[in-house]
Protein chains: 4
Amino acid sequence: MRVKDETKRLAIVENTLDIVFEKGIAGIKMSVLAKRVGISPSTLYVYFKTKEDLIHSIATSLLKQMSKNQESALASESTFELKFRAKWINLLNFLLNHEKEVNFIDQWKQSPYFDKKSSKVWEYNKKVKNELFNEGREKEVLKDVNDFIIYAVMSGTAKQIIGLVKQGDLSLDKNSIDLYFSLVWDALKR
Amino acid sequence: MRVKDETKRLAIVENTLDIVFEKGIAGIKMSVLAKRVGISPSTLYVYFKTKEDLIHSIATSLLKQMSKNQESALASESTFELKFRAKWINLLNFLLNHEKEVNFIDQWKQSPYFDKKSSKVWEYNKKVKNELFNEGREKEVLKDVNDFIIYAVMSGTAKQIIGLVKQGDLSLDKNSIDLYFSLVWDALKR
Amino acid sequence: MRVKDETKRLAIVENTLDIVFEKGIAGIKMSVLAKRVGISPSTLYVYFKTKEDLIHSIATSLLKQMSKNQESALASESTFELKFRAKWINLLNFLLNHEKEVNFIDQWKQSPYFDKKSSKVWEYNKKVKNELFNEGREKEVLKDVNDFIIYAVMSGTAKQIIGLVKQGDLSLDKNSIDLYFSLVWDALKR
Amino acid sequence: MRVKDETKRLAIVENTLDIVFEKGIAGIKMSVLAKRVGISPSTLYVYFKTKEDLIHSIATSLLKQMSKNQESALASESTFELKFRAKWINLLNFLLNHEKEVNFIDQWKQSPYFDKKSSKVWEYNKKVKNELFNEGREKEVLKDVNDFIIYAVMSGTAKQIIGLVKQGDLSLDKNSIDLYFSLVWDALKR
DNA sequence: CATGAATGAGCCTTCATTCAT
DNA sequence: TATGAATGAAGGCTCATTCAT
């Protein structure tokens, strides 16, 4: 595969994310997508077998990226709270900087394109464990609740905050972030 | 003269919610919807002018319902914490018992059917104020943070929990609920 | 049949003519017609068996009226030219005052509603003879050309004039009419 | 890449004219048209954006053609009468040989497809002036009447004659044409 | 007779995909 | 590989007509 082609593939993916962000997953039209990318509709089929394949490919690849991000080293902070904080802020930033990717996955999970085959990929994603939570519970600084709950508080809060930031109802300056995290921490710390 | 059956309108709405829940908003096909309701496709157009009108009508009506639910009196609990708890559990129950309705609104907001006109309805919904939060801050039992943050923690956590419950990863027995709320309360109490 | 009903029938016919005049014969929609008349669509079917029947009935009845008008006594003018003039002006007036009726017939003749059955009615209409033309030729004041030609010049010119009058390009005052007729007369007089 | 076939566009137009001639403008059904042309219904939309566009395009193009025909040089006949005769016979021939085109325009002007936008095109058509008429009046061989009247007599008579010829009531041999023109000339000559 | 709800037939149009170059 | 023309399948919607009161 030549370099030129890989660029084109990326452009297709990028534009798909944009379209989904603007119009929803139901708004993906092959001809419109092609026009945005600047190629012919039939050329799309050189890179992706069908529309379903396009969507499925993007979703799978995004899920891998996201897992990778989550697993990414958590800096070498001194205290647990600082490590946990880094983790949460990492999540917050991810949601902020990858809104299109996150949005794509959210919509995909509820679309007709998400079927049995897809769900396997999704299940896999769910299994990614979190060493950090174990550490916190063992050191008795985190409440003794299961991973799901911890993650629910972390991500639920983060998602809502980002949503409100996007709507212009909240800001994300240093102080605000400190405040937001303090709430999450108060919820989970022992 | 045959008389217009209000039951029929309700059946149409109900089946639309079901379809969106099962297949996503892109899965609404007028002919399929009609078959599920047990009427002719053209009869749909007696009750709703177009497909767009159908979706917009449902969304508008659901938003009204939701606002009403949120405003509903919160019992006469003795302490503030109990009142707040009642409010949060009300939210939790709403998300649990109206998953289809909530799902419809979530999908609608990101679909091509959500346009400028629709967003006005949505903006209205956002303005619903919360007396309870004021009371909590004045009595100095809630942290002195703005409504958006409080709501972010409340609803973000609740949404995630319900999602995990639906996936079978969390349970909703009395003890669990107590636990979940304690986290929320720890996050927000002063 | 009661009087009330006959009024309604007339109203239906009248409104049909209006619609055809405004939107063309393809613009007849039973529901719209009903609304204009101020009755229910189904009531239309009390007076006319089908849409086709409605159109056919109107056409037939109009053709009868028109024949009658043509046959109508031509006053007792002294000279042949005056008689002929009266006849032509009668035609001119008819076209002017019955534009909707004439328009309906014109459109009907080219529509899918004009089929074999209908054409019989039309043929009949064509056969209406014109005693006047015979008289003119016998008295050797009209050129010795057949009825069709005479009628072609008379009606062709009249139709065009009325068309131009309707568009505001010609006027119909006494002097103008005299002028217009003088052309027709010059064409046909011996 | 398959290449766009201009023949196809012409075939579509041709068949549309035929259909309108046979069934009226209301008889245009995209599926039937496609079948007659020998293509798929969706292929029609490669050449014309919508049905309305198809009709409007044809009308506009025909009006241009017609204007052009009218403007076409009128041979270099010696006398004015011969020039005028050539002009009229040109008109007669046009009506005879382009009955479908003329019929299309006639029906279009009274159909729901003829709206404000269209009427502009039509107005333009009306403005085409006639040098010939000026010449005739100046040379004092034509009566001193305005263009509209002259045109009314010319075209009104021609239209009726062609109509009768089509119905088999008149013939168009050399002698007949001479006769018909003599009437027109008698009407207009000084 | 009068009505408005209900419907089936059919039309216009879109769109993912394939064809032919 | 790249393309734009071509298409079949399907979807939204209209409208004349009938039903049931």
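Tell me which residues, restricted to region D:36-74, are surrounded by 13 or more Cβ atoms within 10 Å (Cβ to Cβ), within 12 Å of DNA strand E (Cβ to nearest atom) and away from every other protein chain (no Cβ under 14 Å).
D:39, D:41, D:43, D:44, D:47, D:48, D:54, D:56
Taking the residues in region C:151-179 that are at the interface with another protein chain (Cβ under 8 Å from one of its Cβ atoms) and hydroxyl-bearing (Ser, Thr, Tyr) as candidates, determine which candidate is surrounded by the most Cβ atoms within 10 Å (Cβ to Cβ).
My answer is C:157.
Can you tell me which residues in region B:1-13 are surrounded by fewer than 16 Cβ atoms within 10 Å (Cβ to Cβ) and either touching a Leu at 6+ places or on another chain (Cβ under 7 Å) or within 13 Å of another protein chain (Cβ to nearest Cβ) (or both)?
Hits for region B:1-13 are B:1, B:2.
Quick one: which residue in D:31, D:42, D:61, D:111 is of a type in the set (S, T, N, Q), within 15 Å of DNA strand F (Cβ to nearest atom) and within 19 Å of the chain's Cα centre (by Cα)?
Just one listed residue meets the conditions, D:111.
From the set of residues in region A:14-35 that are more than 13 Å from chain B (Cβ to nearest Cβ) and within 12 Å of DNA strand E (Cβ to nearest atom), which is surrounded by the fewest Cβ atoms within 10 Å (Cβ to Cβ)?
Once the filter is applied, the top-ranked residue is A:31.
For residues in region B:133-143 being touching a residue at least 24 places away in the same chain (Cβ under 8 Å) and more than 9 Å from chain A (Cβ to nearest Cβ), which is nearest to residue A:162 (Cα to Cα)?
B:142
Of the conditions (1) farther than 21 Å from residue B:27 by Cα; (2) not assigned by TED's automatic domain parsing to the domain that holds residue A:115, residue A:64 clears all except one; give me its number.
(2)
Taking region A:144-172 only, how many residues are in contact (Cβ under 8 Å) with a residue 60 or more places away in the chain and among the hydrophobic types (A, V, I, L, M, F, W, C)?
6
Can you find a residue that is within 12 Å of another protein chain (Cβ to nearest Cβ) and modelled with pLDDT of 90 or more anywhere in region C:80-89?
Taking every residue of region C:80-89 in turn, none turns out to be within 12 Å of another protein chain (Cβ to nearest Cβ) and modelled with pLDDT of 90 or more.
The values are calculated or read from the model by the stated rules, or taken from the named source; none is laboratory data. Every value quoted in this text rests on a predicted model; they were computed, and no experiment measured them. Note that we place each Cβ from the backbone using ideal geometry, even for glycine, and neighbour counts take in every protein chain shown.
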